[in-house]
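Accompanying notes for the structure given below.
Read-outs throughout are calculated quantities, based only on the coordinates presented, and are distinct from any laboratory measurement. Computed from a predicted model, the values in this text were never measured in an experiment. Cβ sites come from the backbone with ideal geometry, for glycine too, and all protein chains shown count toward neighbours.
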Amino acid sequence: MEHQPYIPGTKPADAGPLSRFIPPLEEGVIARWLSLHVAPFDPAQGKPGGWLLDPFGFSPRLVLEAARTGYRVLVTVNNPITRFLLEIAATPPSESDFNAALAELETAKKGDERLGAHLQTLYQTTCEKCNAEIQADYFLWRKEADAPYARVYTCPQCNDSGERVATQQDIDRAKQIAATDGLHRSRAFERVAKLDDDDRVYAEEAIQHYLPRPLYFLTTVINRVDGLNLTPERKRALNALILVACDAGNTLWDHPPTRPRPKQLNIPSQFREHNLWRTLERGLTLWTETGSPVAIESWPRRIPESGGVCIYEGRLKELAREVKKEIPIAAVIGSLPRPNQAFWTLSALWAGWLWGREAVEPYKIALRRRRYDWAWNATALHAAFSHLFELLPLGTPFFGFMPEPEPPFLTSALTAAGAAGFDLKSIALRTEHDPIQILWNRGEHLKREANEQDVSIVREAIHAHLAERGEPASYLHVHAAALIALAEAHALKNKTQEFDEALRATNALIQSALSEDERFVHYSSGESVETGLWSNADLSRRYESLADRVEVAIVTFLQKNPDSIYLEIEDDLYPRFAGLLTPSKAMIYAVLDSYAEREGASMKLRAEDVALSRRNERDTIIPMLELVGKRLGYSTSLADKNHVWEENNSVQFAFYVLASALVGRAMDETPYSPEQTILVIPGGRASLIAYKAGRDPALAARLKNYRLLKYRLLRAMLEVPVLTRETFEEQIASDPLEKSKSQMMMF
């Protein structure tokens, strides 16, 4: 398999509405891939943009980026909330419409007072410092409690801010609202399912994830909106703001935030209750769309040749029959959906609240289903891939994204695609925190025979990957290497297996290959093979590490290309380290922090790290070592790459002088024992060496046996009036490696 390089984005993942449920994809990736593989709209030659298909509709941003780049995108969207996100982002209401819609809601009457004033009183609290009546930003709750235990605020009067214990008034207000909760909860049920609907029980279970106050707020607002005389655009704008409040109003906001992307409807032990009026006010900035509007229509209406989005409501199976002869699909793109019971269930609730029971009906199965395992995921993906197979011409590329990757998700996707007749062409994997980029081609229309799984194929694939990497790898990386080998051998699933059986067999095979082979070393505090790092037992002295090669590549690039921006560095680096070897951003920044300085958006080598300067400095280090050695009574000499101090024809110290952080290579090249060897490094390399040791247990274990001497300390020794052998040893011990600035972003 010829792996493709990882395509970096030009901007981080968008933090817009419902971002904790939407795939975190960097902006610019799909546009860059399409520019290489599919012709866009060419007005000069009158050529229309190629047709793309997104069979999942899981990422509105992905679809819009492709359309804005000049492509026509046909997307299937079954989730009414995802469709709404797509439509609003494609044709966003104006800022004036958002402001006017919120103003009309605020001035609507609730009895004798304004609705806005009434809703804001729900979140009133008292400043602990000046006793002013103010708005809480949010309240803090414990699971199954009947009142909040704390509130968080910033007082506009005295600037007191932070978390404070809930007052009796806060507790009484929460209980007072809860006393009428039954009525408002009943209204919320009615908008989703009728009283005699069999699915009502599921709606009731889902609504339990809303406390009485936010549920009262939402039902009051939604019921009032129905009576407002709003223009269609203002109605869309207000619905967009309410949707943000629907998300902010549930109990899935744990405190402290340790689960930023929830997958299940589980109430945390402690959680935040947001001030929903402030959420409505802040919602405008979340919906601000910086890109140009995109033409968007529902199938079968036509979109311009210059690009746009055509939404198909229905199953992919029907799409294959309707579209095959009318629209030539040049490529398939999409973010692979992973099971998310929380979002899918809440989407059904929100659709009913915003648009009524009719909007929920086609999507009501999301209320019923409570468990989405990986076998279910593989079965659903296989159905989609099978319909795609019938729809697409031979060789059509499918560029897919796998957000929030983990081993069973990757196994599910590759097994489903392979069983449906798609040939795996490339997997580019950066870290377990970044989306995996996968390229398939639609294979030949043949009844392909599956092969039996062979543990030796898996072992050799993992061994080869670790050897190529030259350092320990995460379980996700070795799992991916094994899956690639099985996919190429057509051994992920045979025809007689159900998907749950196939997935279990693959997982067991990979774990057996790792745990029963003495060549593999597991660095982990736990027993599970999925934790920690994996390495070859003989790795440390045979292969140059990925981190070392990345360091050399970045420094070489900056030597030749001063004043480069970060994206240019990535663009040069990733093709050199394609597929599973893609270096992380943390690794790149660790090297840049050690060697480069920033001027505006560009980076260049520091003056002292330019090649000529480092060579000149290194040439001054050897004479310094000679001077210090002679002061301490040793005879000094050069022995290949080492400067040695001897006494009575016996080597006492061997100094290996580096200008880089390639300490692994240095330890391999020195013929002297660790007790004799001292690695001499520039002070600026200390944090990079510490970073490498922090991510490579094998390197860290070796480094413990070696001492390091920084250039600056050697210079300082020359200034010491009285330097003895004892103080020399003490000086080295007193100046250990600095802690890496990048340790919080280790991989």
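Looking at the stretch 497-540, the GluC sites (Glu not before Pro) that sit in a DSSP loop and have at most 10 other Cβ atoms within 10 Å of their own Cβ are Glu516, Glu518, Glu527. Computed from point charges on the beta carbon alone (+1 for Lys and Arg, -1 for Asp and Glu), the dipole magnitude for the stretch 97-287 about its Cα centre is near 260 Debye.
Which value does Rg/Rh take for the stretch 611-745 over its C-alpha atoms, Rh per Kirkwood? Value, to two decimals: 0.95.
Seen from Pro257, the other residues with C-beta closer than 13 Å to its C-beta sum to a net charge of +3, counting Lys and Arg as +1 and Asp and Glu as -1. The trypsin sites (Lys or Arg not before Pro) of the stretch 402-466 that meet both conditions, a loop assignment by DSSP and at most 16 other Cβ atoms within 10 Å of the site Cβ, are Lys447, Arg448.
When you restrict to C-alpha pairs under 8 Å that are six or more residues apart and normalise by the size of the stretch 126-231, the relative contact order lands at 17 percent.
Helical runs assigned H by DSSP (4 residues or longer) give the chain a calculated mean residue ellipticity at 222 nm of -13500 deg cm²/dmol, each run adding -39500 (n - 2.57) before division by the residue total.
Dipole size of the chain about its Cα centre, with +1 on Lys/Arg Cβ and -1 on Asp/Glu Cβ: approximately 840 debye, rounded to the nearest 20. Given 37 °C and 0.692 mPa s, compute D for the stretch 482-575 with the Stokes-Einstein relation, Rh being the Kirkwood radius over Cα pairs; round to the nearest whole µm²/s. My calculation gives 192 µm²/s for D. Here the scattering of the stretch 188-250 is modelled by Debye summation over its C-alpha atoms, one equal scatterer each and no solvent; at q = 0.25 Å⁻¹ the log10 of I(q)/I(0) is -1.09.
Out of Pro736, Ala206, Ala611, whose Cα points farthest toward the positive end of the dipole of the chain (charges: +1 Lys, Arg; -1 Asp, Glu; placed on Cβ)? With unit charges placed on the Cβ atoms, the residue in question is Ala206. Per Stokes-Einstein, at 10 °C and 1.306 mPa s, what whole-number D in µm² s⁻¹ belongs to the chain, with the Kirkwood radius over Cα pairs as the hydrodynamic radius? The Stokes-Einstein estimate is 53 µm²/s.
The residue list Ala513, Pro575, Pro304 was ranked by how far each Cα lies along the charge dipole of the chain toward its positive end, using unit charges on Cβ atoms, and Pro304 comes out on top. In order along the stretch 273-280, the phi-based Karplus estimate (6.51 cos²θ - 1.76 cosθ + 1.60, θ = phi - 60°) of 3J(HN,Hα) comes to 10, 6, 6, 6, 5, 5, 5, 4 Hz; Gly and Pro are listed as x. Considering only alpha-carbon pairs that sit under 8 angstrom and 6 or more positions apart, the relative contact order computed for the stretch 145-302 is 15 percent. The relative contact order of the chain comes to 12 percent, based on Cα pairs under 8 Å that sit 6 or more residues apart. Within the chain, DSSP assigns beta bridges of which about 70% are antiparallel (rounded to the nearest 5).
For a modelled paramagnetic label at Thr180, 7 Å from Cα along Cα-to-Cβ, the residues of the stretch 75-117 in reach, with backbone nitrogen under 16 Å, are 109-117.
Annotation for the stretch 453-562: chymotrypsin sites (Phe, Trp or Tyr not before Pro) lying in DSSP loop with at most 15 further Cβ atoms inside 10 Å of their Cβ do not exist. Taking label points 7 Å from Cα along the Cα-to-Cβ direction, Asp640 and Val610 give a separation of 3.4 nm.
If I take R0 = 56 Å and measure r between the Cβ atoms of Arg224 and Glu527 in this structure, what FRET efficiency does the formula 1/(1 + (r/R0)^6) give, to the nearest 0.05? For R0 = 56 Å, the calculated efficiency reads 0.50. Placing unit charges on the Cβ atoms of the charged side chains and taking the dipole of the stretch 154-287 about its Cα centre, the candidate lying farthest along the positive direction among Ala245, Gly283, Asn266 is Gly283.
Taking 17 Å as the straight-line reach from the Cα of Lys425, none of the lysines fall in range once those fewer than 8 positions away in the same chain are excluded.
Rounded to the nearest whole Hz, the Karplus-based 3J(HN,Hα) values (6.51 cos²θ - 1.76 cosθ + 1.60, θ = phi - 60°) of the stretch 707-714 follow the sequence 9, 10, 10, 7, 3, 5, 5, 4, with x at glycine and proline.
Using only the C-alpha atoms, the convex hull of the stretch 1-157 corresponds to 255 Å³ per residue.
If you take the square roots of the eigenvalues of the alpha-carbon gyration tensor of the stretch 48-92 and sort them as a ≥ b ≥ c, do you get rounded (a/c under 1.5), prolate (a/b over b/c) or oblate?
Note, shape of the stretch 48-92 comes out oblate.
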